[in-house]
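Quick notes on the structure that follows.
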Amino acid sequence: MKRLSNKNNLLVLWGSGSPNKSSKLFKYDTYYIWAKLLIDNGLLDSADLLIANAHKHSKYKKVELSKNIFLHYCPRLSDLRKFKECKILFVRGNYIEYREVIKQTKYQALFYYAADTRFWPTCLDKRSIDVFFVDEPKYKNEVKKELPSCQVEIFEKAIDNKIFYPQKRKKKYDVCFVANFVPWKNHNILCSALSKLDPKTKGVFVGNLLDNDIRMQTLLWKYGLDNIELPGSLSPVETAKAINQSKLCVFPQELDANPRALIESLACNVPVVVNSEISGGLHLVNSQTGVRTSLANFHKAIDRALAMEFQPYKHYKENLNNKKIVVDSFKKINKALSL
């Protein structure tokens, strides 16, 4: 641990910036919510969120998301070198651009988080990590075996509770799937599963089709699915509405790191059906929140879950609310590291 900085701020190395994501949408992302909660509770003074390789912008750009929280688009390595000192350096992902920042930055503690089973860092010396975040309890033992002195925590996704909460809405859909149309989200497998259910089963697929509208329509036609709506990419408010209008949210994907939509579903009091091989988030699925299942039995699990009673919001409120997973967790980490 480097005890070289007297600053009380958070510096987050976030990863590549989506070319379709406006700065306003970052205010609904986990890292912004983490930063705001910690600042609002007096645990930090400010936060800088760095988007490395921000290909939407040809020049460096700084945006104030809210008081004392700034988003920085950094398309060049020289842009990343502007940042020299922080209390917490939070590294998210394995981006080669990070090496320069990590090497030059003075910090008190280094937090590291990467996706699913690909979590071992190549952009830094793993022995320098103070807090290592993973997606599933099963990964904790693997990290502790390799790094016995490192503190290992589950990284739960903080969400905006002013948007994602139980709403009294008519259940318009049987299933809701929140995911962009990319191969590893397994839309094809979900469509196959839905084709084996009652033809009257209604669904909504929320997410960016990424200019693949015809491919998606072809997929629905292939499986004879006439009751699936494709609203495309929705605002967080509209996404929360779609979730609340659904009886279930489904997660057929495997290579996904604890999808935020899973916690958003529980916060909206909507149970989930989750692929038992998903790389992160399975620990959130229990008798209160939903059903775990193999892909081969995904259709059966949906059918079964539609007939069952769950209490997902109760579990969320008691175990996954923002104060518990961010504020209380950070206080525990502070104490353990003597920050």
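Within segment 190-213, the set of residues being within 13 Å of His299 (Cα to Cα) and under 22 Å from the mean Cα position of the chain (by Cα) comprises just one member, Leu190. When the residues of segment 252-278 are narrowed to those that are hydrophobic (A, V, I, L, M, F, W, C) and under 18 Å from Ile154 (Cα atoms), which ends up surrounded by the most Cβ atoms within 10 Å (Cβ to Cβ)? Going through the qualifying residues, I end up with Leu266.
Go through segment 181-204 and give me each residue that's under 17 Å from Asn275 (Cα atoms) and crowded, with 19+ Cβ neighbours inside 10 Å. Listed by number, the residues that qualify are Lys185, Asn186, His187, Leu190, Cys191, Ala193, Leu194. Somewhere in segment 283-302, is a residue buried (at least 23 other Cβ atoms within 10 Å of the Cβ) and in contact with a His (Cβ under 6 Å, 6 or more places away or on another chain)? The answer is yes; a qualifying residue exists.
Read-outs throughout are calculated quantities, based only on the coordinates presented, and are distinct from any laboratory measurement. Keep in mind the model is a prediction, meaning the values are calculated, not measured. Cβ atoms come from the backbone with ideal geometry, glycine included; neighbour counts cover every protein chain shown.
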